[in-house]
Amino acid sequence: MEILEVTQVAPISNSPESTTEFRLPLTFSDIFWFKLPPVERLFFYQLDELTPACFNSVILPKLKRSHSLTLVHYLPLAGNLKWPPNEPKPIILYTPNDGVSLTVAHSDADFNILSSDGVYDAAELHPLKPDLVTSDVSASAIAVQVTLFPNKGFCIGITAHHAVLDGQTTTMSVVKGPDGLDMLYLNQWLASSGSDSDTSKKSLKITTSAGGGAASDLVRATFEITREDLKKLRERVLPKLPASGKEVHLSTFVLWFAYVTTCMVKARGGDGDRKVAFAFTADFRPLLNPPVSQNYFGNCNRPKFVMAKARDFLDENGFVFAVQKASGMVKDLMERWVLEGMEKILSYSLDVLKEASESNLQIITVAGSPRFGVYGTDFGWGKPHKVVIVSIEKNGAISMAESRDGSGGLKLVWLCISTR
């Protein structure tokens with residue numbers, strides 16, 4: 001890997017918005033995530049005849065120009081996370097001349113392997129993701145890296161701070177949580193990192209231990225679940241459900257999540273009495289009253305956890321057990337007030353992460369969603385050849401997205417598997 005350029009892309013300067021300072025307070029849902037490791041995503045674009053000359057004269061200028069134009073509409077992403085002494089909680093601050101760090105690189109790695117569905121070392125992706133600049137007093141919202149693979153294509157890497165991910169100025173204020181929930185979360189984060197609420201202890205550094213950290217011996221593989229696969233899973237589980245099984249929520253999500261969770265527990269094996277925490281993050285935009293627009297780009301989600309024993313999945317009917325549990329998690333969110341219990345969820349999540357770092361507790365979570373439409377991300381060169389979430393290495397997540405061919409019923413699941 002050779003770094004060719006490190007520069008800053010600012011919102012286009014002839015816009016009145018870009019010449020005005022802008023402050024945006026974090027919501028309770030933003031603060032829930034603000035110490036967690038950033039989201040790291042790679043977009044691979046295949047262009048077999050891409051030369052360095054074409055990359056430098058055509059693709060790179062277009063990317064910089066479109067980036068600058070887009071940032072005008074998403075000024076928080078050009079700013080930084082700050083925690084002023086006179087503010088009770090962090091804010092997103094944009095000032096004129098702020099911008100997004102852009103790294104331009106050249107790689108001789110095998111583009112075909114890194115953008116394939118095959119098995120390869122997870123560490124091979126690390127040079128393609130940009131680092132997010134964070135310190136006690138400031139944290140970048142996002143960072144971007146564009147890497148050229150001569151005569152193969154290029155990769156766009158985006159690293160986004162979890163607290164400001166997809167921040168949008170015009171609608172951020174509509175998400176209101178229970179009174180005091182934002183400060184409760186903030187104090188819990190400070191306590192977990194050995195700080196207190198005193199202003200001299202304020203720090204914007206990301207707590208890497210909260211993500212569990214990535215092992216050094218991980219490999220990646222992509223698995224495809226088709227409509228026919230889902231049909232077979234549904235037919236497999238229906239006869240084994242009890243008489244009340246008609247109430248089980250057999251959605252596409254429940255089926256594949258239960259199936260992959262069962263596979264991952266069986267792949268790890270070990271003591272049947274060991275704990276397994278499986279979880280997903282639910283978008284609560286449509287569940288609020290009034291509902292929040294789907295165009296809302298701030299954090300508007302909550303995790304849902306269930307704890308079980310490994311033997312429950314290892315049993316002959318382990319898949320059925322997982323389906324019932326996953327169904328119950330979904331129905332619980334649909335039937336109850338979505339913010340119920342939110343005052344306890346961060347402390348519980350931190351306890352689970354701490355236990356996992358000190359024991360053989362297995363955590364299985366989900367990153368991404370088919371609803372995100374990542375294969376519709378067109379920077380001017382058509383659909384991406386492959387989209388990868390690198391950051392799942394830190395928390396053992398399963399990465400999911402729609403299939404590239406847009407057939408509707410197809411799902412792609414990325415697994416991060418240890419070779420130990």
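Structure summary
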| item | result |
| --- | --- |
| The lone exception for Asn395 - which of (1) under 26 Å from Tyr45 (Cα atoms); (2) buried (at least 17 other Cβ atoms within 10 Å of the Cβ); (3) not aliphatic (A, V, I, L, M) it fails | (1) |
| Candidates Glu393, Glu340, filtered to the one that is over 30 Å from Lys62 (Cα atoms) and either in contact with a Pro (Cβ under 6 Å, 6 or more places away or on another chain) or outside any helix (DSSP H, G or I) (or both) | Glu340 |
| Residue, nearest to Ala105 (Cα to Cα), within the stretch 24-49, restricted to residues that are in contact with a strand residue (DSSP E or B) (Cβ under 6 Å, 6 or more places away or on another chain) and among the aliphatic types (A, V, I, L, M) | Leu42 |
| Arg236 vs. criteria surrounded by fewer than 16 Cβ atoms within 10 Å (Cβ to Cβ) and under 27 Å from the mean Cα position of the chain (by Cα) | no |
| Filter pass, Ala322 being small (Gly, Ala, Ser), farther than 20 Å from Thr252 by Cα and in a helix (DSSP H, G or I) | no |
| Listing of strands (runs of 3 or more DSSP E) fully contained in the stretch 87-164 that carry 3 or more residues being over 17 Å from the mean Cα position of the chain (by Cα) | 91-94, 100-106, 142-149, 153-160 |
| Candidate set from the stretch 244-289 (those that are within 22 Å of Lys309 (Cβ to Cβ) and of a type in the set (Ser, Thr, Tyr)); member that is surrounded by the most Cβ atoms within 10 Å (Cβ to Cβ) | Thr261 |
| Options Ser66, Ser13: the member that is free of Cβ contacts under 8 Å to residues at least 24 places away in the same chain, on the phi < 0 side of the Ramachandran plot and either in a loop (DSSP other than H, G, I, E, B) or not aliphatic (A, V, I, L, M) (or both) | Ser13 |
| Residue, farthest from Val323 (Cα to Cα), within the stretch 290-311, restricted to residues that are surrounded by 20 or more Cβ atoms within 10 Å (Cβ to Cβ) and touching a Gly at 6+ places or on another chain (Cβ under 6 Å) | Gly298 |
| Tally, over the stretch 325-343, of residues that are farther than 14 Å from Leu255 by Cα and of a type in the set (A, V, I, L, M) | 5 |
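Matching residues to (1) under 30 Å from Phe284 (Cα atoms); (2) buried (at least 16 other Cβ atoms within 10 Å of the Cβ); (3) of a type outside the set (Ser, Thr, Tyr); (4) at pLDDT below 90:
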position: Ser18; (1), (2), (3), (4): no, yes, no, yes
position: Pro38; (1), (2), (3), (4): yes, yes, yes, no
position: Gln46; (1), (2), (3), (4): no, yes, yes, no
position: Pro52; (1), (2), (3), (4): no, no, yes, no
position: Leu77; (1), (2), (3), (4): yes, yes, yes, no
position: Asn80; (1), (2), (3), (4): yes, yes, yes, no
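Here's the yes/no breakdown for (1) aliphatic (A, V, I, L, M); (2) on the phi < 0 side of the Ramachandran plot:
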{"site": "Met307", "(1), (2)": "yes, yes"}
{"site": "Gly341", "(1), (2)": "no, no"}
{"site": "Ser347", "(1), (2)": "no, yes"}
{"site": "Thr365", "(1), (2)": "no, yes"}
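The values are calculated or read from the model by the stated rules, or taken from the named source; none is laboratory data. Computed from a predicted model, the values in this text were never measured in an experiment. Cβ sites come from the backbone with ideal geometry, for glycine too, and all protein chains shown count toward neighbours.
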